[in-house]
1. Out of 106, 73, I need the residue that is near the ligand (Cβ under 9 Å from one of its atoms), within 19 Å of residue 33 (Cβ to Cβ) and in contact with a His (Cβ under 6 Å, 6 or more places away or on another chain). Which one?
2. Would you confirm whether any residue within segment 49-71 is of a type in the set (Asp, Glu), at pLDDT below 95 and surrounded by fewer than 12 Cβ atoms within 10 Å (Cβ to Cβ)?
3. Yes or no: residue 43 within 8 Å of the chain's Cα centre (by Cα) and either at pLDDT 95 or above or within 24 Å of residue 103 (Cβ to Cβ) (or both)?
4. Got a sec? Which of 90, 50 is of a type outside the set (Val, Ile, Thr) and either closer than 18 Å to residue 122 by Cβ or within 6 Å of the ligand (Cβ to nearest atom) (or both)?
5. Pick out the one residue from 21, 33 that is modelled with pLDDT of 95 or more, under 16 Å from the mean Cα position of the chain (by Cα) and not small (Gly, Ala, Ser).
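The values are calculated or read from the model by the stated rules, or taken from the named source; none is laboratory data. From a predicted model like this one, the values you see are computed outputs, not experimental measurements. Because the Cβ atoms are built from the backbone with ideal geometry, glycine has one as well, and the counts that use them run over all protein chains shown.
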Amino acid sequence: MAVSEAGIALRSISIALCVVVAAGCGPGTSPGVGVGPGGTPDPGLVAGRAVFIDRCSSCHDADGSGTADGPRLNQGRLVQVYSDLGDAAAVVAEGRDRMPAFGGLLTAGEIEAAIRYISEVL
Ligand code: HEC
């Protein structure tokens, strides 16, 4: 194998490792989105994970298990509380008590994606 080919191979391996780490094996990371029926992760859930990490995990924790600043959302909690997840999305958009309003910061699609990630993955 030529030196340049070895370099490309090494780079591919390190990129693959980064992808695995980003998918969430370490502590304090949000769980990754599994591969769907089409052989790739659902892009809506991947987008929802990014929103959750960026905007929600500081208070609700990386795995949605809650912190002193925000309640637990994971393990079926949202579907227990909300028969219509649109109502959970409304809380996120409008805020409630110490929960900030995200309607001016995120699009309706981003909020919906975060709710899907929380209810389907966490
Ligand atoms: C600054 C901290 C903070 C951030 C950031 C935050 N939340 Fe919250 N969240 C809260 C608190 C506190 C509550 C409880 C509000 C209440 O008691 O009415 C809450 C409640 C909720 C609820 C309602 C839960 C229930 O049991 O009714 C949902 C859904 C929710 N948050 C989703 C999100 C999402 C999605 C994001 C990111 C877009 C987010 N939160 C970001 C603090 C936060």
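1. Numbers: 106 fails: in contact with a His (Cβ under 6 Å, 6 or more places away or on another chain).
It is 73.
2. Of segment 49-71, the ones of a type in the set (Asp, Glu) are 54, 61, 63, 69.
Retained after the next criterion (residues that are at pLDDT below 95): none.
No - not one qualifying residue is present in segment 49-71.
3. Details: within 8 Å of the chain's Cα centre (by Cα): no; either at pLDDT 95 or above or within 24 Å of residue 103 (Cβ to Cβ) (or both): yes.
For residue 43, the condition - within 8 Å of the chain's Cα centre (by Cα) and either at pLDDT 95 or above or within 24 Å of residue 103 (Cβ to Cβ) (or both) - is not met.
4. On the way: 90 fails: either closer than 18 Å to residue 122 by Cβ or within 6 Å of the ligand (Cβ to nearest atom) (or both).
After applying the criteria, what remains is 50.
5. Working: 21 fails: modelled with pLDDT of 95 or more.
Selected residue: 33, the only one of 21, 33 that is modelled with pLDDT of 95 or more, under 16 Å from the mean Cα position of the chain (by Cα) and not small (Gly, Ala, Ser).
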